[in-house]
Amino acid sequence: MEVRSTFKYARISPFKAREVTREIQGLPVSAALDLLAFTPKKAAFLIAKTLKSAIANAENNANLKPDGLVVKEAIVGEGPTLKRIMARARGSASGILKRTSHIRIVLSDEIPIQTREARRAKREQEKKAAKKEIKGEASESAAPRSDKKSAKPKQSARTEK
C-alpha cells in the first residue's frame, strides 16, 4: 500500500531540494531519516519533516508499521515564484526571484528492502556476467575465417627509364 505526504510552498529552490531527495529514494524509512539527520542542508530539514508526516500517515491512516516502509518516490516540484525588487545604482532596480517548492514523498510497503551490501553484490555479479559475455564474443571473432581472400601487394606501374 502507498502512503503519501506533501509539503506545499516550501521556501527553498526546487533545484537545491532535489539534490537531497535523490539521496533518499529507494531507502528504508529508518535509513532515510538517519541520512537526512546528518545532511547539513536546509532542504534536509524540510524533507525530514515531510518524511515524518508520511510515516505518521502510514501508522494512523493505513495501520502500517514503519519498519517495513520504503521511500518509493521523493519528488520536488516547482511552486509559485515570489518576485521582489532590489534597488541598484543610479535609481534602477533589478528583479529577485524567490522560488518555492512542493515536496511530495510516497512510501510503500510493497517494495523489498535492499541494503547497500546487497545492492553492491548484485552490481558486482552483473559486471562479472558482462565480462564473461565480452570474452565469449571476443573468442568467436578471433577465430580465423577461411572465406576471406588474402590480399597481395600490388606492384606499381612505374618503370624506370
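The values are calculated or read from the model by the stated rules, or taken from the named source; none is laboratory data. Here the structure is a predicted model, which is why all the values come from computation and not from measurement. Here the Cβ is made from the backbone with ideal geometry for all residues, glycine too, and neighbour counts use every protein chain on show. We work out accessible area using only protein heavy atoms, side chains counted, and drop any ligands, DNA or RNA first. Shrake-Rupley method; radii C 1.70, N 1.55, O 1.52, S 1.80 Å.
For I111, which of the numbered conditions (1) within 22 Å of A43 (Cβ to Cβ); (2) touching a Lys or Arg at 6+ places or on another chain (Cβ under 7 Å) fails to hold?
Result: I111 passes all but (1).
Among residues belonging to region 94-128 that are hydrophobic (A, V, I, L, M, F, W, C), free of Cβ contacts under 8 Å to residues at least 24 places away in the same chain and surrounded by 10 or more Cβ atoms within 10 Å (Cβ to Cβ), point out the one that is nearest to P14 (Cα to Cα).
If we take residues in region 94-128 being hydrophobic (A, V, I, L, M, F, W, C), free of Cβ contacts under 8 Å to residues at least 24 places away in the same chain and surrounded by 10 or more Cβ atoms within 10 Å (Cβ to Cβ), then I96 is nearest to P14 (Cα to Cα).
Collect the residues in region 5-48 that are open to solvent by 30 Å² or more (accessible area, probe 1.4 Å), within 13 Å of A74 (Cβ to Cβ), more than 19 Å from the chain's Cα centre (by Cα) and not hydrophobic (A, V, I, L, M, F, W, C), keeping them in residue-number order.
Residue satisfying the conditions is T6 alone.
Restricting to region 19-77, count the residues that are over 14 Å from E2 (Cβ atoms) and aliphatic (A, V, I, L, M).
Final tally of qualifying residues: 17.
Do we find that S53 is open to solvent by 10 Å² or more (accessible area, probe 1.4 Å), modelled with pLDDT under 95 and over 18 Å from the mean Cα position of the chain (by Cα) in this structure?
no
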